[in-house]
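Quick notes on the structure that follows.
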Amino acid sequence: MDEFRSQPVAPQKLFVDGTWQAASGEALEVLSPIDGRPLTTIERALPADVDRAVAAARRAFDDGRWSRCLPAERKTVLLRLADLIEAKALELAVLGVRDNGTEISMALKAEAGSAAATFRYYAEALDKLYGEIAPTAPDVLGLVHREPVGVVAAIVPWNFPLMIGSWKLAPALAAGNSVVLKPAETASLTLLRIAELAAEAGLPDGVLNVVTGQGSVAGEALALSMDVDVMVFTGSGNTGRRLLEYSARSNLKRCYLELGGKSPNIVFADVPDIVQAAKVSAMAIFRNAGQVCVAGSRLLVEDSIHDEFVAALTEAAKGLKVGDPLDLSASIGAINSLSQLESNLGFVSGALEDGAELALGGSRILQETGGWYMEPTVISGVEPTHRLAQEEVFGPVLAVTSFHSDDEAVAIANNSDYGLAAGVWTANLSRAHRMIRDVRAGVVHVNTYGGSDLTVPLGGVKQSGNGHDKSLHAFDKYLDLKTAWINL
Ligand code: NAD
């Protein structure tokens, strides 16, 4: 790991039409969250650069170099890409950690490991997708074809860029589309490397293009493009709203949004094992310093075990070492940017002003490193109407609220604009199923929190978004249905 840790990172270019290209804007400096120091620069794409990338993707799609090649050939290339990612897993993970601050133990598994598995999953699936013959009149043949949609624009966030990026890229490419990818300003490096590996794996020029730069400039230009057919996005609700607006103002491109969450983690008094549940609940909010869309950021605890559970959880949280994310002994890494750290601290002071109580943490730490670190923070006595109960922090800040009955737990859980994930801890099977039925969320974990793999979809309800990443359902975003009605 040490060899990659100290490796200088060359200034990065855009990857367009199979070549590294300069952008028209002045390069953006990339600071590492580990120590706040400059790591490298990325190009700042302006609208003309984005248009160039979209045009390359369009040409590649229209001439069929990928969209019409044999499924078996697409599969071979994507499997090769998965192998290359796996072979470079440590290098990719370390680069990503230097860029975005995620703890290395998590990055190895959730970033590089997951990206390789995702490309493999969709490569294996792509030649098992069939069309349909409709059960219509006997003198007619009704065929339902599934066709790639064309040019896909993918805009992704800074938490888990490789994992989330692959959740979009792998099914989009497997289905035969061309892609223009816009990573986040503070987490572009590993996705640029994926473009390079994809070319090495044999992906034809122009099929995958990566443009870096500011969301409000490069991202906006991509979302306003008249030649993008589908926009897939993971990020904040504010940006998601803008994308829908850009779509309406341009070519009505379809927009699939994976947005934020304020996910309730509900602990009933009959929880099978309080200490174990407290440990898992601590990781549900504190892993990756809370920068996880499905983080269990609202802990709802039945009043009869409230004090005992909060004590067990704070005890577990005290055992989590915050520090250099490249140190394998650190359970929690850095905050992605100084502005995110300041925003987290603002939520803490706001909650205390609202009358809630600080049970643990609350401060910036390790300032002497120059990096951006924050203590795991637990705030109890949070009312469901408080800002901390309603707004996503996207940091290591847990809001604790107590409840008295099942109905009250459901009411508090659903008192949110979001509906991404939830957790339920109980030994009562019927109650678990009632909660799965009644809590509005894209995923409900029972007697665990955060478990998942590629076989199940991830998506939200309410203002947590639409559409799904992962599983075979993800193909729906990247394939159009076309009917052929043939008179026999
Ligand atoms: P963000 O919305 O600020 O940025 C996401 C991406 O959008 C970045 O690439 C950014 O450059 C781009 N962007 C910003 N403004 C834009 C604009 N006007 N037009 C086009 N593109 C623009 O989000 P973030 O801070 O990078 O990520 C954190 C958010 O992502 C949190 O809300 C988190 O919950 C959410 N998230 C959701 C999921 C999920 O699966 N639902 C997963 C991870 C993160």
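Mind listing just one residue for me: the one in the stretch 458-483 that is out of contact with any Leu (no Cβ under 8 Å at 6 or more places or on another chain) and not hydrophobic (A, V, I, L, M, F, W, C) and, of those, farthest from the ligand (Cβ to nearest atom)?
Applying the filter and picking the extreme gives 482.
How many of the residues in the stretch 314-347 are among the hydroxyl-bearing types (Ser, Thr, Tyr), assigned to a loop (DSSP other than H, G, I, E, B) and out of contact with any Lys or Arg (no Cβ under 9 Å at 6 or more places or on another chain)?
So the count comes out to 1.
Output the residues belonging to the stretch 236-265 that are buried (at least 21 other Cβ atoms within 10 Å of the Cβ), more than 8 Å from the ligand (Cβ to nearest atom) and part of a loop (DSSP other than H, G, I, E, B).
253, 262, 263, listed by residue number.
State whether one or more residues within the stretch 345-365 are touching a Phe, Trp or Tyr at 6+ places or on another chain (Cβ under 8 Å), more than 16 Å from the ligand (Cβ to nearest atom) and either on the phi > 0 side of the Ramachandran plot or outside the structural domain of residue 239 (by TED's automatic domain parsing) (or both).
Within the stretch 345-365, one or more residues are touching a Phe, Trp or Tyr at 6+ places or on another chain (Cβ under 8 Å), more than 16 Å from the ligand (Cβ to nearest atom) and either on the phi > 0 side of the Ramachandran plot or outside the structural domain of residue 239 (by TED's automatic domain parsing) (or both).
If you take the residues in the stretch 119-148 that are farther than 18 Å from residue 473 by Cβ and part of a strand (DSSP E or B), which one is most open to solvent (accessible area, probe 1.4 Å)?
133
Does residue 220 qualify as being within 15 Å of the ligand (Cβ to nearest atom), outside any strand (DSSP E or B), over 27 Å from residue 397 (Cβ atoms) and open to solvent by 10 Å² or more (accessible area, probe 1.4 Å)?
When the stated conditions are applied, residue 220 passes them.
Out of all the residues in the stretch 172-189, which are in a strand (DSSP E or B) and within 16 Å of the ligand (Cβ to nearest atom)?
179, 180, 181, 182
For residue 37, all conditions in the list (1) basic (Lys, Arg); (2) surrounded by fewer than 19 Cβ atoms within 10 Å (Cβ to Cβ); (3) out of contact with any Leu (no Cβ under 9 Å at 6 or more places or on another chain) hold save one; what is the number of the exception?
That leaves (3) as the condition not met.
If residue 88 meets every condition in (1) crowded, with 20+ Cβ neighbours inside 10 Å; (2) modelled with pLDDT of 95 or more apart from one, which number is that one?
Checking residue 88 against (1) crowded, with 20+ Cβ neighbours inside 10 Å; (2) modelled with pLDDT of 95 or more, the one that fails is (1).
Sort out which residues of the stretch 367-408 are part of a loop (DSSP other than H, G, I, E, B), open to solvent by 10 Å² or more (accessible area, probe 1.4 Å) and not hydrophobic (A, V, I, L, M, F, W, C), and write them in order of number.
370, 375, 376, 381, 383, 384, 385, 386, 391, 392, 404, 405
The values are calculated or read from the model by the stated rules, or taken from the named source; none is laboratory data. Please read all numbers here as calculations on a predicted model, not as lab measurements. For neighbour counting, all protein chains shown are included, and Cβ atoms are generated from backbone atoms with ideal geometry for every residue, glycine included. The area values use the complete protein model at the heavy-atom level, side chains included, leaving out ligands, DNA and RNA. Shrake-Rupley method; radii C 1.70, N 1.55, O 1.52, S 1.80 Å.
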